[in-house]
Structure formats: structure tokens, C-alpha cells
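Worksheet: the structure to be examined is printed underneath.
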Amino acid sequence: MPHMEPQQRAMAINRLLSVGQLDLLRSNTGLLYRVKESQSAGKMKGSDNQEKLVYQIIEDAGNKGIWSRDIRYKSNLPLTEINKILKNLESKKLIKAVKSVAASKKKVYMLYNLQPDRSVTGGAWYSDQDFESEFVEVLNQQCFKFLQTKAEAARESKQNPMIQRNSSFASSHEVWKYICELGISKVELSMEDIETILNTLIYDGKVEMTIIAAKEGTVGSVDGHMKLYRAVNPIIQPTGLVRTPCGLCPVFDDCHEGGEISPSNCIYMAEWLEF
């Protein structure tokens, strides 16, 4: 607004800020002003400046949310005042509190209509902050079963070894489609979810992966590449020690009787012995 006098411009900006039409932001170069959406401004009509400030901080946090401690740090308001404002905003259904899998006793706050980010909820593998180990195991088995079936069909084709090998591969999109058609998941699974499961099968030595070039737009390809997976049989069976929890334990060197990590309180050892 170069045609306006600085004093007039300042008055206009202050007026827009007071009625909730502008957001005031800070940057390295100074103050920035952003036009606030009319819907957001309407929601905050009648709120005082402190409530508007807390709402703006929560809005800027997006769907990852923000801790009350960080709100206090950014707003410079007393904790008691912040808790009062948060309760008021929750009662108006402008914000909501979501429990984070990263810290079970803490909550993050975000706008009421937002879907929490996977980093907050844990994605498909968590339900009410509890890791769904049985669900993951079922997916693990079904993904491996699909790849095994494809490998067996390739062997039974009686074609030359190279063609058999190539036809035994399946893309992560094919596996994802198979799992979706089974209907074993109550939540919507993404390709990334299925690739996470396939990676666990790779770590277990049951599956191998290769990456090939793919034409742009090919189903299941990303940036001109496609991941292919196939079931494999181990060349040799693992030794007895590797089959025990101790054989693969990442804290083996810290484990000793009487310590914080010990064989007597090891849940993995207890489960293995029960099996």
C-alpha cells in the first residue's frame, strides 16, 4: 500500500488485526501479515486476543499438533491461563486433544476438523495407543502367502529358469491390492503400510526385493522406479542359537542376571519358551 501514509497504513492493519481479519507472523526480516480465512475469523468472533493467539499457534501446528508446553513457550502466557483457554476452545469444538503414541501421558492439540498425522496416531499399527501385534502378524502371514503362491505358480509353469524367476516377482501394488480384497483390515491401508510389512519379511530372510525402471504413470511406480518382491527359501537353515531371542537381541551385551535387562524378566524369552 505505497499510496497510503505510514500512520494510515498502521491504523488499517491494527483495525484488521483487532477484528481477526489478519494473522501477525514473525520472520527473520521482520513482521509479516497474512489474510485470515473468513471461516476461521468467524469462528473466533468474540474471543479475546489471548484466545486468538493460542488458536493461531495451534492452527500453525497443523495435523501434527502441539504440546501445551510449546504453546506456553510461544505465547508467553501462564500455564493456568493456557489450560483455561484450551478448555474453552475444546468446548466450542474449535480444537481437540489427541493422545500421541510418542508419549502416552501427554496430549497434543490441533484444529477440530483435522485428521491427525501418522506420527501422532502411529498409523494402521496402533489402536488407542496400543500396538496391534496380532494384526501385524496376520498381515505378515498373508503377504508372504501371496508371494509364495506366485512363486509356486512360476515354478509350475515349467518355463526356463530366468522366466520363472521374473514371473515370481510381485509389485507392492499387487500385494496391496490382494490385502485390500481380503478385507482383513478395519482401517484403510496404504502402499507404504504394505511395504513396511514386506520389509519385515525381508529382514526375516523370507522375501527379497529388487528395484526396476518403470514408465511414468505405471501403477505402483514412484519417480520412474518400481519395487518388486518375491518369496525365497533360505539356502541353509539358521543355527539353533539364532532361533533363540538371545541370538538376535540388540542389547545382548547389557543383559545379565540382576540387571535392568536380564534373562529372568525377558518377555521375549518367556514367549519363546511358551511356544
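The values are calculated or read from the model by the stated rules, or taken from the named source; none is laboratory data. Model, not experiment: these values are computed from the prediction. No Cβ is skipped: glycine too gets one built from the backbone with ideal geometry, and neighbour counts run over all protein chains shown. Just the protein is used for accessible areas: all its heavy atoms, side chains included, with ligands, DNA and RNA removed. Shrake-Rupley method; radii C 1.70, N 1.55, O 1.52, S 1.80 Å.
Mind scanning 64/186; 52/87; 145/227; 52/99 and naming the pairs with a C-alpha gap bigger than 21 Å?
64/186; 52/99, as the Cα separations exceed 21 Å there.
Using only the alpha-carbon atoms, what does segment 49-122 span along each of its principal axes? Please give whole angstrom values in decreasing order.
In descending order, the Cα extents are 34, 22, 19 Å.
Return one quarter of the surface area of the convex hull spanned by the alpha-carbon atoms of segment 87-157, equal to its mean projected area, in nm².
Mean projected area for segment 87-157: 6.6 nm², to one decimal.
If you roll a 1.4 Å probe over the heavy atoms of the protein chains, what accessible area per residue do you get for segment 131-231, in Å²?
Dividing the accessible area of segment 131-231 by its residue count gives 62 Å².
Which number do you get for Rg(Cα) / (2.2 N^0.38 Å) in segment 131-231?
1.09
Excluding residue 50 itself, what net charge comes from residues whose Cβ is under 14 Å from its Cβ, given Lys and Arg +1 and Asp and Glu -1?
+2
Given a Förster distance of 45 Å, report the FRET efficiency between residue 70 and residue 272 from their Cβ-Cβ distance, rounded to the nearest 0.05.
About 0.60, to the nearest 0.05.
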